[in-house]
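A.B. asks: Quick one: this structure, given as structure tokens, is what I'll be asking you about.
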Amino acid sequence: MRNLSELLDVHQDLERIFFCHQQRLLHFEFDQALEILDEYERALLKHIFDENTHLLPVYIERGDIKKGGAAQMFFDEHEKLINHIALFKQEVVNLKTEENPDEKLIWLFEREGFFKKLATHHDIRETNFLYPELDRITSDEEKLELLSKVTCKFIEINPNKNR
């Protein structure tokens, strides 16, 4: 990995996991949907931790922060993403006991659609502001040091695991 921007590949991995979760919901396989959502949450939390703890402090300290790329926006969006996942997990648990889950499932898909737009908007902001600026302001040695601290460089997706 030569640039910190390559860490953005994690976003595609997260999208694939979330898609698998939604596939399970679509087939009323709520236990599997919840299990995959737990996997998604663990990966998302690791990625957010890496950004909040290791990358954003460097960006705040040395970055030329442009309009639309304020660090607080990243922190706020991270919190919103985490809160949405907590809601989704509870709703999937509730779906498991519904006699006729269609209405609640449609509501959940609508909320998840909003979440996906939020995540996409967040990814675009990171792609346009955070990571290019980090690549610009860090030396090769600093990049290697930061990469050694980051725990979520890629997410292994097992296509056979309950999918």
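All of the numbers you see were taken from the coordinates with simple rules; none came from a lab. The shown structure was predicted, so the numbers you read here are calculated from the model rather than taken from an experiment. Reconstructed Cβ throughout: ideal geometry from the backbone, glycine too, with neighbour counts over all protein chains shown.
A.B. asks: If I model a spin label as a point 7 Å beyond the Cα along the Cα-Cβ vector, how far apart are those points for PHE114 and PHE19 in nm?
C.D. replies: Modelled inter-label distance: 2.5 nm.
A.B. asks: For a paramagnetic label modelled at 7 Å from the Cα of GLU142 toward its Cβ, which residues of region 61-105 fall within the zone defined by backbone nitrogen distances under 17 Å?
C.D. replies: 61-66, 71
A.B. asks: Please compute the modelled spin-label separation between ASN83 and LYS149, points set 7 Å along Cα→Cβ, answer in nm with one decimal.
C.D. replies: Result for the modelled spin labels: 2.8 nm.
A.B. asks: My understanding is that a pair violates if its Cα-Cα distance is over 31 Å; which of LYS89/LYS143; LYS67/LYS149; LYS96/LYS116 do that in this structure? The partial results should precede the final answer.
C.D. replies: Working: LYS89/LYS143 35 Å; LYS67/LYS149 28 Å; LYS96/LYS116 23 Å.
LYS89/LYS143, as the Cα separations exceed 31 Å there.
A.B. asks: A follow-up question, please. What area, in nm² and to one decimal, does the C-alpha convex hull of the chain cast on average over all directions?
C.D. replies: Approximately 9.4 nm², given one-decimal rounding.
A.B. asks: Next question. Once the other residues with Cβ under 11 Å from the Cβ of GLU77 are scored (Lys, Arg +1; Asp, Glu -1), what is the net sum?
C.D. replies: Here the charged neighbours net out to -3.
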